[in-house]
Structure formats: structure tokens, C-alpha cells
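Novice: After the C-alpha cells below, expect a handful of questions from me.
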Amino acid sequence: PMGEGADNLEERNTVHIRMLGEFSIQWGDKRVSDADGRARKVWFLIEYLIANRQKSFSLEQLSEAVWSDSEDSDNPKNALKNLVYRARTLLKALSGEMEFIVYSNNSYSWNQAIPCAVDAEEFARSPAWMPAGGCRLTAGR
């Protein structure tokens, strides 16, 4: 049926993101993960943009999110631009032509046109998940 092909196409175009445990991003048969030994801040930037992918962030907002006050950079704007460049370079391993991090109206964001399946969001929506304080353990009888 026609609908089945569309579902398969969307599934093939979906970026699968693991935030629980080892952080990884998979698109098709290509995968990058934080176990690859890249800088921690590069991964933090990518995770932050994915977790907040419905929002756009100015250079100042992203700088505040990435660097604590004790880590002030002499030139935070250039440091952030360099970090974004490194994150984009890392993500090019998934798809050379797709732009995962976009810059528009003086703000950075995760490309909202890319369908994403994020394990942490799926877990939070699952019926097994209950917020703290609402959990009751019962013996298996």
C-alpha cells in the first residue's frame, strides 16, 4: 500500500537519538556517539540543542548554557562559533549535505525540519514512567 512506503521513507529519514546512557545519533546506517572521544563541550552543545529543539538561541544564551561563570572565555562569541563549527563537522559524518544545526536571525537551533526520535522523550511518554513521588512499588505476585 501507498501509506506503507511513506512510513518507511519517514523512518529512513528519522534521526534516532539516544540520550539515556551513551549519547549517540544515528541516521540510516551511520552513527556518531560521545564514546568517539570528542570534546565534552561539543557533545553538550549538540545535546542541548536537541533537548531544546523547538527553540532558537542567541550567541549569548548558548554561551551561558555551555560555559559556567568560572570558565569565562576571553572571546565567548568566537569560542561558541568554533564550538558550533566543531559540532557541525562531527555531524557531517551522518550526512554530508544535511545541516543539523542552523543559524537564522542571529540565533542557533537544531534543524526542526529533520524528524527526530529521542529515547528520553519516548521514555517520558511511556505508561511505565511516573514522576517522582507518584511511584508505588509492588511485589510481583
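Novice: Mind checking the full-extension length gain between I114 and R86? Use 0.36 nm per residue of separation minus the Cα-Cα distance, one decimal, nm. Each step should come with its number before you reach the end.
Specialist: Values: separation 28, 0.36 × 28 = 10.08 nm, distance 1.98 nm.
Length gained, I114 through R86: 8.1 nm.
Novice: Where a ≥ b ≥ c are the square roots of the eigenvalues of the C-alpha gyration tensor, would you call the range 42-113 rounded, which needs a/c under 1.5, or, failing that, prolate if a/b is larger than b/c, or oblate?
Specialist: Numbers: a/c = 1.88, a/b = 1.50, b/c = 1.25.
Cα axes put the range 42-113 in the prolate bin.
Novice: Give the cross-link partners of K55 among the lysines, using a straight C-alpha distance below 21 Å as the criterion and excluding same-chain residues fewer than 8 apart.
Specialist: Within the straight-line cut-off, K55 pairs with K41, K77, K81.
Every number in this text was worked out from the coordinates using simple rules, so none of it is lab data. For clarity, every value in this text was computed on a predicted model and none was experimentally measured.
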